Amino acid sequence: QRQQRQQPQQLRYQQEYQQEYQQQEYQQQEYQQQEYQQQPRPLINSFLQSENQKNKTLIDQKNKEIDQLKQKHDNSEQEILDLQTRLSNENKKVLNLTNQLQEYQTQTI
């Protein structure tokens, strides 16, 4: 009878041990999976850093081009304003000379 009691108990111990072992195995696998996922991936990181740097350089170049175009545009606008002012002054001179000519013609008649 004592042996009969020990057998189920032994079986229970074996099952518990097996469950414990499986649980530890599972935890170890989980841990390894997490470790793998957290490891840096040097090639990918290196590639991404390289691409990032290329993009930053390209953006800087494009921003410089934009600044140059803005400056050129501003200079062109200023040139237009200067030319308009010059034309206006020349028109005033022509108008003034036309008036003087008319006066002279009036006086000579």
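The values are calculated or read from the model by the stated rules, or taken from the named source; none is laboratory data. This one's a predicted model, so the numbers in the text were calculated from it and none came from an experiment. When we count neighbours, we look across all protein chains shown, and the Cβ atoms used for this are built from the backbone with ideal geometry, even at glycine. Accessible surface is based on the protein model in full, side chains and every heavy atom, while ligands, DNA and RNA are left aside. Shrake-Rupley method; radii C 1.70, N 1.55, O 1.52, S 1.80 Å.
Before moving on, here are some points about what is shown:
- Acute angle (nearest 10 degrees) that the helix 2-38 long axis makes with the longest principal axis of the chain, alpha-carbon atoms: 20
- Accessible carbon and sulfur surface of the chain relative to its total accessible area, %, 1.4 Å: 49
- Rounded accessible area per residue of segment 18-109, 1.4 Å, Å²: 100
- Using a Förster distance of 35 Å, the FRET efficiency for Gln34-Tyr13 (Cβ separation, nearest 0.05): 0.65
- Between 0 and 90°, nearest 10: helix 42-108 axis offset from the chain longest Cα axis: 10
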